[in-house]
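> Here it is: the structure, laid out below.
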Amino acid sequence: MSEENKEILKINNLDITFRTTAGPVHAIRGVDIDLFKGETVAIVGESGSGKSVTMKAAMGILASNATVTNGTIEFSYHHADGSPETVDILTKNKKWIRRHINGKRIAMVFQDPMTSLDPTMTIGKQIMEGMIWHFKTPKKEAWDKAVSLLKEVGIEDAEKRMKNYPHQLSGGMRQRVVIAIALACNPDLLICDEPTTALDVTIQAKIIELIRRVQKERGISVIYITHDLGVVAKVADYVNVMYAGKIVEKGKIDEIFYDPKHPYTWGLLSAMPDLDTDDERLYTIPGSPPNLLHEKAGDAFAPRNRYALEIDDKADPPMFQVTDTHYAATWLLDPRAPKVEMPKELADRLKRMKKEASDYGRE
Ligand SMILES: Nc1ncnc2c1ncn2[C@@H]1O[C@H](COP(=O)(O)OP(=O)(O)OP(=O)(O)O)[C@@H](O)[C@H]1O
Ligand SMILES: [Mg+2]
């Protein structure tokens, strides 16, 4: 296999349960995610669907009441001498992961920059910290690298900013600093967990643009977690749609946007704001995600699904294959199922989006 299409992260059949005083919460149920070098994979789904927990597992930072009951998380990287290595993160202890993975080979950008920055430390120190800890980089060299990182993420007066504390920066600038910290050790994989939700719309667009640019320039792989399909359209090569701890549809970006098969994906796409639909008319998926404390038989989405079949209440649908790269877990794809098309309004909307995309050319 050539370096270019090498798989760097392979999550296989991951199952996670949390112990709570109310009982076990089966939060992640058989999740598979594949990520290849240089690509961007989005994980999209409503609040509580398991996006963050999945990625925390990959970084070895699950809460102490979590138990991984099944699965593997294979991460591939190169040692300093160039020799390749693949490890199952789940078999490693926290100390090993901190030493060899976190911040060094996998870096994470969280939703709220304030929680990931130390208010008592200058931003310069915070950018230099990882380089000094992981690579014993001499201080002067770490300083110079930090200054160039600040420039790379679009911060002016970088030398002066090095001495600032987080509260002296705007929200957008703080998120840029968090990205600079994440890039400081040259990671192979950047995980962005809702990196723009705390920011206003114009700043959001700039941060998304920044992440795309550094990804292209550095050739790193990115996992982008969001509940916003509008963001997904701008960043992703592949999309995983999550619902109640399961991947319910996955495919290439065009397959998910122009030929979605799962009624939940139809709902998410219909609920996506765009320029042509005013907010009042915007669709919302009825009901709310299930309480994972009370597992029920059948498809977890059935109670909210107006296309649900009788079998949905009895058995969880398997992943049906649509193309080599496109899969969806809905009984509607069973050969015995009645033929059901997506709502006409959504079909029209997707057609319009497709036309706009070809008119303007998605980079
Ligand atoms: N430490 C914990 N103890 C118990 N339950 C937890 C814990 N952490 C997460 N969960 C549960 O796991 C499920 C998935 O949570 P997760 O944070 O991954 O959701 P998410 O998709 O990232 O949502 P959001 O969009 O709100 O960030 C939720 O039902 C949540 O309540
Ligand atoms: Mg989350």
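The values are calculated or read from the model by the stated rules, or taken from the named source; none is laboratory data. As the structure is a prediction and not an experimental result, all values here were calculated from the model. Here the Cβ is made from the backbone with ideal geometry for all residues, glycine too, and neighbour counts use every protein chain on show.
> Which condition breaks for Lys163 when tested against (1) touching a residue at least 24 places away in the same chain (Cβ under 8 Å); (2) in contact with a strand residue (DSSP E or B) (Cβ under 7 Å, 6 or more places away or on another chain); (3) outside any helix (DSSP H, G or I)?
All conditions pass for Lys163, except number (2).
> Go through (1) away from ligand 2 (no atom under 16 Å from the Cβ); (2) surrounded by fewer than 19 Cβ atoms within 10 Å (Cβ to Cβ); (3) in a loop (DSSP other than H, G, I, E, B) and name the single condition Gly38 misses.
Exception for Gly38: condition (2).
> Do we find that Met55 is in a helix (DSSP H, G or I), closer than 21 Å to Gly130 by Cα and either within 16 Å of ligand 2 (Cβ to nearest atom) or out of contact with any Pro (no Cβ under 7 Å at 6 or more places or on another chain) (or both) in this structure?
Yes; evaluated as a whole, the condition is true for this residue.
> Another question, then. Take Ile43 and decide whether it is touching a helix residue (DSSP H, G or I) at 6+ places or on another chain (Cβ under 6 Å), in a strand (DSSP E or B), within 13 Å of ligand 1 (Cβ to nearest atom) and in contact (Cβ under 8 Å) with a residue 24 or more places away in the chain.
Considered against the rule, which asks whether it is touching a helix residue (DSSP H, G or I) at 6+ places or on another chain (Cβ under 6 Å), in a strand (DSSP E or B), within 13 Å of ligand 1 (Cβ to nearest atom) and in contact (Cβ under 8 Å) with a residue 24 or more places away in the chain, Ile43 comes out as yes.
> Go through the stretch 180-296 and tell me which helices (runs of 4 or more DSSP H), entirely inside it, have 2 or more residues that are within 16 Å of ligand 2 (Cβ to nearest atom).
Ranges flagged: 229-235.
> Out of Val222, Val241, which single residue is of a type in the set (A, V, I, L, M) and in the same structural domain as Ser47 (by TED's automatic domain parsing)?
Just a single option satisfies the conditions, and that option is Val222.
> Tell me whether the stretch 82-102 contains one or more residues that are at pLDDT below 95, touching a Lys or Arg at 6+ places or on another chain (Cβ under 7 Å) and either farther than 25 Å from Ile208 by Cβ or not in a loop (DSSP other than H, G, I, E, B) (or both).
no
> Do you know which residues across the stretch 173-204 are under 26 Å from Trp143 (Cα atoms), crowded, with 20+ Cβ neighbours inside 10 Å and not hydrophobic (A, V, I, L, M, F, W, C)?
Those that are under 26 Å from Trp143 (Cα atoms), crowded, with 20+ Cβ neighbours inside 10 Å and not hydrophobic (A, V, I, L, M, F, W, C): Arg174, Gln175, Arg176, Pro187, Asp188, Pro195.
> Which of the residues spanning the stretch 98-144 are in contact (Cβ under 8 Å) with a residue 40 or more places away in the chain, away from ligand 2 (no atom under 16 Å from the Cβ) and aromatic (Phe, Trp, Tyr)?
Across the stretch 98-144, the qualifying residue is only Phe135.
> Give me a count of the residues in the stretch 205-264 that are of a type in the set (Lys, Arg), crowded, with 23+ Cβ neighbours inside 10 Å and at pLDDT below 95.
So the count comes out to 0.
> Would you mind telling me which numbered condition in (1) outside any loop (DSSP other than H, G, I, E, B); (2) touching a residue at least 60 places away in the same chain (Cβ under 8 Å); (3) under 30 Å from Phe36 (Cα atoms); (4) not charged (D, E, K, R) Leu346 fails?
Checking Leu346 against (1) outside any loop (DSSP other than H, G, I, E, B); (2) touching a residue at least 60 places away in the same chain (Cβ under 8 Å); (3) under 30 Å from Phe36 (Cα atoms); (4) not charged (D, E, K, R), the one that fails is (3).
> Under 6 Å by Cβ, and 6 or more places apart or on different chains, what pairs join a residue from the stretch 228-256 that is in contact (Cβ under 8 Å) with a residue 24 or more places away in the chain with one that is in a helix (DSSP H, G or I) and within 16 Å of ligand 2 (Cβ to nearest atom)?
Final answer for the pair search is Leu229/Leu268; Val239/Val232; Met242/Lys51.
> Also: Take Ile73 and decide whether it is in the same structural domain as Gly171 (by TED's automatic domain parsing), more than 23 Å from Val214 (Cα to Cα), not in a helix (DSSP H, G or I) and not aromatic (Phe, Trp, Tyr).
So Ile73 passes the test.
> Scan the stretch 290-319 for residues that are buried (at least 18 other Cβ atoms within 10 Å of the Cβ) and within 23 Å of the chain's Cα centre (by Cα) and jot them down.
Once the filter is applied, which keeps residues that are buried (at least 18 other Cβ atoms within 10 Å of the Cβ) and within 23 Å of the chain's Cα centre (by Cα), the stretch 290-319 yields Pro290, Leu292, Ala300, Phe301.
> Do we find that Val87 is surrounded by 13 or more Cβ atoms within 10 Å (Cβ to Cβ), closer than 20 Å to Ile220 by Cα and within 15 Å of ligand 1 (Cβ to nearest atom) in this structure?
no
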